[in-house]
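Only one structure is covered here, and it is reproduced in the block below.
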Amino acid sequence: KSWRARRTLKKTKYNITIVQAYVRGFLARETFKRQYLPVLVERRKRFELETKAATKIQACWKGYRTRSLEKPELKRIREKVKIVSNRISPHKTLAYKKEKALDIMVSGDSTLNQIISALQDLGELVEI
């Protein structure tokens, strides 16, 4: 009978040790959350903010450097694009044609010829 008592006592000590380990782990996690988590969250926010700032600085520097070291050929192309952009009439742009075609399609008082013309305009836009 004494061996049963020793075995029961051994199992009880083992079970108590397991419960103590769970309780200690829980308390350690709670302590960590209270003490260190706010610091870690603040560090993470600061790191993200600094990363965004560094990215913005890099983008500004690259843009400045590209514009200041621009090749003459690229300058001519930019000037031509500006000239052509100034010459374009608003009613010849793709955005204008799309809006006009959609307005015709949506309005209920359009004629069949207007709807066909609108569909052709939209077909041209899809091909591009």
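The values are calculated or read from the model by the stated rules, or taken from the named source; none is laboratory data. This structure is a prediction, so every number in the text was calculated from the model and none was measured.
General observations
- In segment 60-86, the residues that are outside any helix (DSSP H, G or I) and among the basic types (K, R): K71
- Taking the criterion of being among the hydrophobic types (A, V, I, L, M, F, W, C) and at pLDDT 90 or above, the residues of segment 11-49 that qualify are I16, I18, V19, A21, V23, F26, L27, A28, F47, L49.
- Number of residues in segment 87-125 that are among the β-branched types (V, I, T) and outside any helix (DSSP H, G or I): the value is 3.
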